[in-house]
Amino acid sequence: MRIKGFTYEVNKHLESCTLNNTTVIVDGHNIFYSMYRTSGLPYALGPESDRFAAYIKKYFEIFKKANVNCLVVFKGGHENEDALDIHREMRQLVRGKDFKLGHFNNKINPLFAKDIFLQTLKEMGFKCIVCCRNDIVQECVALARHLSCPIISFNIQYCFHSISYIPLEPGKTFILDENNNLKCQKFTREKFLKDYKITVEKMILFILLLDTHIFEENTYNNFLLAIRAKTFQIKYGFVLKWLHSNNENQALRTIFEQISDTDRSKFLKEREILRMKLLGKTEPKSNSVVNFINENEFQIEDKDALWFEKGVYLHHISIDYVDLYLYKIVKGSHLIEDFNADVSCNICVDVIKYAYDLLTNFKGDNLTLWGDNSTQTQNVDKLSIAKPEYKADCCVFERGWDNVKDLFLFEHFLIETFQTFNFDALETAPADSRMLLIALVFFTRKKVEDVVPEIYSVILSYVMLNVVAEKVNIRVIGKAPKIVEQPSLDPITDKDSVLTEDCEIAAAVMRKYFEVSDDELHLIFDLKTVHPLVEFQRCLKELNNLNTLCGASYDATVYSRTYNGTFVYKILCDIKESDNAERFITNMLNPAATVLAFVEGMMRVYNRILYEF
């Protein structure tokens with residue numbers, strides 16, 4: 001929905017209110033897309049995952065202080081193929097190919113951003129709900145009605161439903177009063193209708209006349225002239241007054257006299273759609289989250305018709321898989337990468353195809369890869385691996401996920417892909433690093449050129465965010481630690497063996513890699529250096545999605561404690577310039593002996609998986 005200038009009208013009808021010890025519905029899909037932009041974090045070199053997670057925590061911490069329980073709703077996929085086509089047309093305008101240094105593109109979110117958002121909210125104790133196939137606005141409204149609570153969002157569509165709507169302003173946060181009540185303002189349809197003395201039916205006419213997502217902006221020029229609207233720029237107030245002065249039949253006659261027969265037919269069709277949505281005549285579909293939220297726990301029954309929707313709701317099935325399963329779409333890149341090279345998702349397309357095969361019981365359908373400028377159809381059979389041994393009529397998940405891990409579906413993929421895999425070596429690494437190591441090995445095997453500098457850069461990011469940051473603040477400059485050369489130690493993979501004093505030294509020598517100025521970015525930015533890092537991020541994300549789908553044999557990667565794009569890119573540049581990754585890291589971290597030993601321990605596990613068959 002898009003009604004020019006209507007946000008100002010909304011603000012005129014707000015009422016002050018407070019929230020405490022209650023529940024709210026948060027349109028997470030709507031809020032997420034503005035959060036990385038309002039965080040002000042750089043994104044050209046990849047996600048600053050740790051800082052983005054900290055920003056999200058700070059933003060939502062105020063709800064915790066007011067004891068407000070947030071049910072955060074996300075859009076899983078597109079409700080129909082028409083909606084998917086609209087998304088694709090809009091997507092052409094937000095490609096990473098359009099990125100220019102110095103120009104912030106608020107439509108580009110770095111990879112992992114949505115995962116970080118979801119992971120952080122879950123970590124804070126908020127419930128994240130993914131609506132699989134339905135309109136997210138309708139889902140939020142249904143939940144709000146069911147729970148008798150307000151909706152928080154930027155989306156003005158909620159103004160026209162019979163619920164309490166708390167609008168947000170980009171970049172602004174809520175504040176608490178002296179009693180820890182959350183201070184906010186709410187909009188209700190009832191007050192709006194009362195203020196303008198119009199009915200809900202007239203409100204629907206108002207939407208049809210002014211929503212430029214339904215009709216093009218100039219469609220009603222003749223009508224506006226006929227009712228003597230003084231300006232076409234800010235016309236909602238005049239139209240509201242005109243609707244008040246005319247009964248519904250008179251209004252319809254005047255409108256129809258000034259538009260074409262084609263537009264009249266469309267008007268009547270869209271009017272019925274709005275009446276169904278806004279008059280409360282639509283019942284939640286069988287796959288609506290309202291039907292799931294009634295039960296604290298629910299089982300997926302044998303050959304359950306709703307196994308997919310429940311799998312998405314229970315977070316066994318990634319959001320990324322909804323359009324894949326429903327429409328056979330593999331989405332190419334809208335990220336910042338080298339578009340003269342292969343599209344970054346090509347490196348892990350076989351991971352995606354295996355996931356699709358598991359979801360469809362190896363039907364062997366064609367998938368459509370959305371590239372940058374064109375579509376490319378690839379056949380599942382050509383790239384999919386051999387089917388694991390299991391029996392199922394619909395798919396391997398038709399009975400739920402209780403025993404899926406025992407089928408070793410993820411391990412099957414690794415063995416089939418690599419022909420062998422050193423699981424014993426993997427077990428010697430920290431549990432939260434194993435998916436990272438799998439992705440690094442997968443990435444290395446897929447690349448022809450040497451990627452040792454990239455491997456060291458990523459492992460260093462994990463060590464700094466996951467090990468060092470657990471003991472010291474890697475961004476705060478305190479008293480300068482004494483930096484002297486230390487005897488080398490044997491490699492280790494035990495986090496507890498890393499000393500706090502060594503973490504302080506590592507933070508001091510590595511701190512410069514966590515910051516980048518605009519001037520420095522212009523000097524170091526290179527798409528050919530960025531591209532393999534984006535490819536690796538794709539591998540890490542898709543392998544994590546697959547691991548979760550297959551019953552989570554391994555702990556999921558916590559991106560905010562693993563990958564900082566600025567750090568990885570900047571230290572990669574220095575490693576490449578040095579010509580010897582191992583010597584460069586050794587020289588830099590030698591004074592932090594136990595940190596260096598941990599880095600070497602991680603590299604040893606990586607090399608064992610890569611080379612020992």
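The values are calculated or read from the model by the stated rules, or taken from the named source; none is laboratory data. Everything quoted here is computed from the prediction, not taken from an experiment. Cβ: placed from backbone, ideal geometry, glycine included. Neighbour counts: every protein chain shown. Quick note on the areas: whole protein, heavy atoms, side chains included, nothing else; ligands and nucleic acids left out. Shrake-Rupley method; radii C 1.70, N 1.55, O 1.52, S 1.80 Å.
Working from label points 7 Å from Cα in the Cα-to-Cβ sense, the residue 496 to residue 62 distance is 4.1 nm.
Seen through its C-alpha gyration tensor, with square-root eigenvalues sorted a ≥ b ≥ c, region 534-590 comes out prolate because a/c lies at 1.5 or above while a/b is bigger than b/c. With θ taken as phi - 60° and the Karplus curve 6.51 cos²θ - 1.76 cosθ + 1.60 applied, the whole-hertz 3J(HN,Hα) list for region 566-579 is 5, 4, 4, 5, 5, 6, 4, 4, 5, 4, 4, 5, 6, 6 Hz, x standing for glycine and proline. Among beta bridges from DSSP that stay inside the chain, the antiparallel ones total about 45%. Were the residues from residue 183 through residue 519 laid out at 0.36 nm apart, the gain over their Cα-Cα distance would be 116.9 nm.
One Cα centroid belongs to region 516-587, the other to region 297-320; the line between them spans 33 Å.
Of the two radii for the chain, the radius of gyration is 1.00 times the Kirkwood radius, both from the alpha carbons; that is the Rg over Rh value.
Between residue 482 and residue 302, the contour length at 0.36 nm per residue exceeds the Cα-Cα span by 58.5 nm. Assuming charge only on the beta carbon of Lys and Arg (+1) and of Asp and Glu (-1), the dipole of region 527-603 about its Cα centre is about 200 debye to the nearest 20.
A straight chain from residue 154 to residue 446 at 0.36 nm per residue would run longer than the Cα-Cα distance by 100.9 nm.
A 1.4 Å probe run over the chain, with the rest of the protein chains in place, finds 45 Å² accessible per residue. Each of residue 225 and residue 212 was given a label point 7 Å from its Cα along the Cα-to-Cβ line. The distance between the two points is 2.1 nm. Residue ranking by accessible heavy-atom surface, 1.4 Å probe, largest first, among 213, 334 comes out as 213, 334.
For residue 33 and residue 586, FRET efficiency with R0 = 60 Å and r from the beta-carbon atoms, rounded to 0.05? Rounded to the nearest 0.05, the efficiency is 0.90. Round to the nearest 0.05 the FRET efficiency obtained for residue 270 and residue 101 when R0 = 35 Å and r is the Cβ-Cβ distance. That pair, residue 270 with residue 101, gives E of 0.25. Between 245, 507, 483, the Cα set farthest toward the positive side of the dipole of the chain (charges on each charged residue's Cβ, about the Cα centre) is that of 245.
With charges only on Cβ, +1 for K and R and -1 for D and E, what is the dipole size of region 139-217 about its Cα centre, in debye, rounded to 20?
On the way: 9 positive and 10 negative charges, 65 e Å.
Result for region 139-217 is approximately 320 debye, rounded to the nearest 20.
Rolling a 1.4 Å probe over the protein chains gives residue 173 an accessible area of about 90 Å². Enumerate the residues in region 390-433 having an amide nitrogen under 14 Å from the point lying 7 Å beyond the Cα of residue 612 toward its Cβ. Within reach of a label on residue 612, which here means backbone N under 14 Å from a point 7 Å along Cα→Cβ, region 390-433 contributes 421-429.
For every other residue with a beta carbon closer than 12 angstrom to the beta carbon of residue 175, add +1 if it is Lys or Arg and -1 if Asp or Glu, then tell me the sum. The answer is +1.
For the chain, the fraction of 1.4 Å probe accessible surface lying on carbon and sulfur atoms is 46 percent. For region 1-69 versus region 421-449, the spacing of their alpha-carbon centroids is 36 Å. Per-residue packing, averaged as other Cβ atoms within 10 Å, sorts the ranges 198-206, 538-546, 385-393, 509-517 into the order 538-546, 198-206, 509-517, 385-393, beginning with the highest.
Residue pairs exceeding 20 angstrom between C-alpha atoms, taken from 65/172; 12/183; 75/186; 191/269; 202/269: 75/186; 191/269. Remark: region 309-323, residue by residue, has Karplus-estimated 3J(HN,Hα) of 4, 5, x, 5, 4, 8, 6, 7, 10, 5, 3, 4, 8, 5, 5 Hz, where x stands for each Gly or Pro and the curve is 6.51 cos²θ - 1.76 cosθ + 1.60 at θ = phi - 60°.
Taking label positions 7 Å along the Cα-Cβ direction at both residue 387 and residue 145, the computed distance is 4.3 nm, reported to one decimal. Put simply, the amide H of residue 367, placed in the peptide plane, has neighbours under 5 Å in 378, 380, leaving out anything fewer than 5 places away on its chain. Accessible surface for residue 153 stands near 0 Å², nearest 10, in the context of the full protein assembly shown (1.4 Å probe). Pairs exceeding a 30 Å alpha-carbon distance, out of 241/277; 353/405; 471/512; 64/100: 64/100.
Against the main long axis of the alpha-carbon atoms of the chain, helix 409-418 sits at an angle near 60°. Once all protein chains are placed together, residue 2 keeps about 110 Å² accessible to a 1.4 angstrom probe.
Under a point-charge model restricted to the Cβ atoms of Lys and Arg (+1) and Asp and Glu (-1), what is the dipole moment magnitude of region 435-531 relative to its Cα centre, in debye to the nearest 20?
That gives region 435-531 a dipole magnitude of about 180 debye.
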